[in-house]
Each structure stands twice: as C-alpha cells, then as structure tokens.
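The values are calculated or read from the model by the stated rules, or taken from the named source; none is laboratory data. The structure presented is a predicted model; accordingly, all values stated were derived computationally and were not measured. Note that each Cβ is placed from the backbone with ideal geometry, even for glycine, and that neighbours are counted across all protein chains shown. These accessible areas exclude ligands, DNA and RNA; they are computed on the full protein's heavy atoms, side chains included. Shrake-Rupley method; radii C 1.70, N 1.55, O 1.52, S 1.80 Å.
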Amino acid sequence: MITLDHLQKGFGGRQVLKGVDLQVKRGETLVIIGGSGSGKSVLMKHVIGLLFADSGQVRIDGDDLAQLKEPELTRTRRRFGMVFQNAALFDSMNVWQNVGFALMQHTKKRKKAVLEIAQHYLEMVGLPDVLYRMPSELSGGMRKRVGLARAIATSPEILLYDEPTTGLDPVTSDVINRLIRSLQEQLGITSLMITHDMVSAYHVADRMAMLYQGKIIETGTPEQIRATDNPYVRQFISGSSDGPIEAG
Amino acid sequence: MWGVIVATVDAPAQVSWALRLPYWVGSVVLGVLREVGRLSIYLYQSIRLGVVPPYRIRDIFRQMEVLGVNTMPVVLITALFTGMVLALQSHTGFSRFSAESLVGTVVALSVVRELGPVLTGLITAGRAGASIAAELGTMKVTEQIDALVTMGVSPVKYLMVPRIIAGVVMLPILTVFADVVGIAGGYLVGVEMLDANPTVYISRTFDFLEVADVVGGLIKAAVFGGLIALVSAAQGFNTRGGAEGVGRATTGAVVLSSMAVLISNYFLTMAMAS
Ligand SMILES: Nc1ncnc2c1ncn2[C@@H]1O[C@H](COP(=O)(O)OP(=O)(O)OP(=O)(O)O)[C@@H](O)[C@H]1O
Ligand SMILES: [Mg+2]
C-alpha cells in the first residue's frame, strides 16, 4: 500500500536518507526504530507528502506522490492521520476544536455532533474531561494523546505515529499501545509507527524495520528482530552503548 | 534588510573583497528575485484559493478586529501629531511670503494624498506585520502548519487569505480615521495656536480637496494592506529553526513590508498622476 523506493533526501548538502526502500502492506503495523537524528521523522514526512525526496519515489497504492496534482495530493493526504512527535496541536484552539478540526473543515457536521465525536475519541485516549482546555494548559503526555485523538477522529485508512508513547508513563503507554493495536485489529487500519520504546514496538508491530545511517538495515517480525545477528540491531534493541553504533 | 535577503546565500570564505563584492551584489539581486518570485506565487495562490468557497467570513472579521485593535491607537496618535507638525512647519514656511492662509490646504492635501495612507501603512507594517509573522512563524516551527496540510487544509487559504482580505479592507478604514484626525490636528495648531480665522481655515482646507485625492489615498491604503499581509504571512510560512527563526521572520516581515509600502507608494502615485 505504501512503497518507498530508494528514497534520498539531504538538507543543505547533508544526506539524511541515503536510499530507503520500504513497504507497508495493507492492514499491517510497521514499526521503524532507529537512533535519535537518524531521519525517522524525515522519512515519515515523505510518506504523507510534507517533504519531497531528492530522488526516489513514495507510492501510495501505486501513485507516485510527487506526480500528483494538488487536489489529488490533498485527497491522498486526507486518507492519513498523523500523530506528530511534538503533538503540533493548534494552540489558538481548545482541545475539542483541535480534535474536531478536520471534521469541521471537511464535513457538514454541526458543532454539537463534532463535540460528541471529539469527546468519544478523547475518552479512547484516556482524557475524558479536557474538552475545553487550551493546549498550553496540558502536560506533554496529555498533548500527545490529544494529538492521537485528533489523528484518529477522521477515521483514516492509514495512521502515521511519530513516537506516540514517548513521554507517557508506563500505564498510559500501555493504554495507547492497546488502542493502536485495536485500531489495527478491529478497523484494519494500516500503520507506520516510529518509536524508541521497545516495549511499545514489540507490542504493536507486525513487522519492524531499523533505520541506520540513512538506510533500512534490517526488517523482520518482532521475533526475527529479537533473534537477529545484525550487530547494529542487537545493540539498539538491547540499549547498550557498547557496540558498532556511533552515538549521536 | 540586506541581512534578511543575503542571509539565504552563503558567502564564500577566504576570498578577497574585490571578488566578494560582485558576489555580494549578485547574492542581493538573487535574493530580491527569489523573494519577489516567492511572493508572486503566494499572491497567485491566494487569489486562486480566495475566490472559491468556503469564504471563512468569520476568520476575516476576526483578523480585521485584530488588525484594527493592534493599530488604531498608534495610527490616531501619529496622525494627530503629524497634522499638527505639518501646520506648524507650513506656517513657518508660508509666512515668509505671506501665504499663511494656505496652511489648511497644504495640511489637507498632504495628509489625504500621502501621509495618511503611508503612515498608516508603515505603522501597520510594524505592528500587524510583526504579529502576523510571529504567529504564523510559531505555527510553522511547531509543525502546526504541517498538521494543517496533513488534514487537507491549505495554509494559504486558511491563514493567508483572511489576513490579506482583512488588510485590504481595514487599511482604508484606518486611513480615513488618520485623515480626519490629521486634518483636525492641523486645525488645532492653525486656529488655536497660530490664530488663523476658523472659517477661512476650514474653507481653505476643503476648497482645493478633490474626491480623487481621497479615493487615491484610500486605494493606496488598500494595496498597502494587502502587501503587508502577503509579505508578513510569507515570512511566517518560510520560518525555519525554532524561536530564533521566529525572531528573524518577525524582523524580516517588518523590514520587507515597510519597504513594500514605500516602494509601491511611489509607483502607485506615479500611476495615478498620469
Ligand atoms: N527541515 C529540515 N531542515 C534541515 N535539516 C533537517 C530538517 N528536518 C530534519 N533535519 C535534519 O535531519 C536529521 C534527521 O532528523 P529527524 O527529525 O528525522 O530525526 P529522528 O530520527 O526523527 O530523530 P528523533 O528520534 O530524535 O526524533 C537531523 O539531523 C535534522 O537536523
Ligand atoms: Mg523524530
């Protein structure tokens, strides 16, 4: 469903992605792991057309994103929901307006209906009574979860999660992991998730892929990843500073 | 302002100044062209997206309110003192050839044709331009603009167009206030301080003032309003690199939109004169 074909991207002469090949199949959850600054967020932004590659392709159901005209690109983007690493809540709007924003923009639903939908999704992420708070009045973890509620409120086909559980306590993390899992199992949503949190990765992943120095160096099921003999992957998942990975 | 433009081009290190000068000139030219090109694209998109529904009337009114509240007090004070100083200066000048009776005329014409719209434009560039760039720049660096895009909402349509329309509508309104207060300031000095005859002063004020003067000034103001919003929003959208980047975008917006006001003022005046 999502195919990345030899994706390359640099910023001002510094190559961040050096030929990424990756496929996400319909209905699966693919988790990308990789060090800080390895280009995971950059990679994800290519998938939804926020960034465009220097070379290589991103294909969604066969269509090359870079070739789409603006209206088609917009239509394609609306099939996605994205959870940003830093939530990216609209800080001029309160929580329910954030969660209901896309519905208010694209549907004829009345305010009351949108409010109810927002409340429903906020309950799903464990925030039943923050409807009227402003983003600045929320903790980091709460913002993250409002961002998640906003992403799923439009019932997208594909979800992109950029570190959805970072900064959450273990119990709340588990709530979110179960939610992500159930979205995939019950609604068949296709997901691409970035995380540093190995507990979360093993919990939700159908397959995992590791990004290192601009390339995908390993893909496999969680069991295969756990049993890998690739020294980089082994070091990363064991969280050790001894090994071939250069820190930073 | 050169800083704003040149900052996008890296200077070659370790080159003699004789070589760096043409490089610098070239960079400035390229920078200006790039900026003009970028603005043309935004302008084109704004018009194309602005004419199709939804029209977001509420957003437009909100922006008009923000712009008015931000700018009105400063505009009024500036206009008042400008009208006053104009009366004082022209009185000094005209008394040398006993033409004091023309003070009212000069104040009215200068304020309505030139100072009203231009001062209003410059004040708006400073206040509203800065706040537009800071707001949109913050949205950019905190990925709120990206979030809009992922939800299929065009930032140009949603954020830029309402601000441009608000600018085009509000600047003439602010200018009308500036004109009235400026002329009143002139009257205050002319009649109360310099003892001109009130009836004569008033008739001299309006005898030579034509509708075209007023309309021309208001057209200028409308153009300034649109330009300021366009330039400042574009600066916001192109912000990079955290809080520091927002600071840069804000100063850039003030400098560039002030320049846009002054430069377009000349050409508009020239076009209207012919
Ligand atoms: N818009 C941009 N302009 C210039 N450089 C960028 C831009 N976006 C990202 N980078 C650079 O690309 C590299 C990868 O960034 P990215 O945000 O993808 O890392 P990441 O893998 O998501 O890291 P983290 O786990 O810390 O979130 C970084 O070195 C970053 O400085
Ligand atoms: Mg990241």
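Structure data summary
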item: Subset of region A:7-35 that is assigned to a loop (DSSP other than H, G, I, E, B) and within 14 Å of chain B (Cβ to nearest Cβ) - its residue that is nearest to ligand 2 (Cβ to nearest atom); result: A:G12
item: Conditions (1) touching a residue at least 24 places away in the same chain (Cβ under 8 Å); (2) assigned to a helix (DSSP H, G or I); (3) within 11 Å of another protein chain (Cβ to nearest Cβ): number failed by A:W96; result: (3)
item: Failed condition for A:P71, given (1) buried (at least 16 other Cβ atoms within 10 Å of the Cβ); (2) of a type outside the set (D, E, K, R); (3) within 14 Å of another protein chain (Cβ to nearest Cβ); result: (1)
item: All positions within region A:24-35 that are more than 14 Å from ligand 1 (Cβ to nearest atom), open to solvent by less than 50 Å² (accessible area, probe 1.4 Å) and of a type outside the set (D, E); result: A:V24, A:G27, A:T29, A:L30
item: Any hit, region A:228-236, residues being more than 25 Å from A:H6 (Cα to Cα) and touching a residue at least 40 places away in the same chain (Cβ under 8 Å); result: no
item: Qualifying residue in region B:151-159 (condition: open to solvent by 20 Å² or more (accessible area, probe 1.4 Å), under 30 Å from B:R240 (Cα atoms) and without any contact (Cβ under 8 Å) to a residue 40 or more places away in the chain); result: yes
item: Hits in region A:99-114 - residues which are more than 7 Å from every other protein chain (Cβ to nearest Cβ) and either β-branched (V, I, T) or open to solvent by 10 Å² or more (accessible area, probe 1.4 Å) (or both); result: A:V99, A:L103, A:M104, A:T107, A:K108, A:K109, A:R110, A:K111, A:K112, A:A113, A:V114
item: Some residue of region B:97-110 being of a type in the set (F, W, Y) and free of Cβ contacts under 8 Å to residues at least 12 places away in the same chain; result: yes
item: Residue check, B:T199 among the hydroxyl-bearing types (S, T, Y), without any contact (Cβ under 8 Å) to a residue 60 or more places away in the chain and farther than 17 Å from B:P117 by Cβ; result: yes
item: Residue among B:G167, B:G137 that is within 24 Å of B:T78 (Cα to Cα) and open to solvent by less than 10 Å² (accessible area, probe 1.4 Å); result: B:G167
item: Region B:190-204: number of residues that are hydrophobic (A, V, I, L, M, F, W, C) and either under 26 Å from B:V231 (Cβ atoms) or buried (at least 21 other Cβ atoms within 10 Å of the Cβ) (or both); result: 1
item: Residue match in region A:60-72 (condition: within 13 Å of ligand 1 (Cβ to nearest atom) and either closer than 15 Å to A:T190 by Cβ or among the small types (G, A, S) (or both)); result: no
item: Odd one out for A:R78 among (1) touching a residue at least 40 places away in the same chain (Cβ under 8 Å); (2) within 16 Å of ligand 1 (Cβ to nearest atom); result: (2)
item: Unique residue being open to solvent by less than 20 Å² (accessible area, probe 1.4 Å), within 28 Å of B:I263 (Cα to Cα) and more than 14 Å from chain A (Cβ to nearest Cβ) when the list is B:T82, B:T78, B:T120; result: B:T120
item: Unique match (being out of contact with any Phe, Trp or Tyr (no Cβ under 9 Å at 6 or more places or on another chain) and either part of a helix (DSSP H, G or I) or open to solvent by 30 Å² or more (accessible area, probe 1.4 Å) (or both)) among B:A233, B:A222; result: B:A222
item: Matching residues, region A:36-59, being in contact with a strand residue (DSSP E or B) (Cβ under 7 Å, 6 or more places away or on another chain) and either within 12 Å of chain B (Cβ to nearest Cβ) or within 8 Å of ligand 1 (Cβ to nearest atom) (or both); result: A:S38, A:G39, A:K40, A:S41, A:V42, A:L43, A:M44, A:V47, A:I48, A:L51
item: Hey, B:F267 open to solvent by 60 Å² or more (accessible area, probe 1.4 Å) and either in the same structural domain as B:Q144 (by TED's automatic domain parsing) or within 22 Å of B:V28 (Cβ to Cβ) (or both) or not; result: yes
item: Members of region A:81-95 that are touching a Leu at 6+ places or on another chain (Cβ under 9 Å) and open to solvent by 10 Å² or more (accessible area, probe 1.4 Å); result: A:M82, A:N94
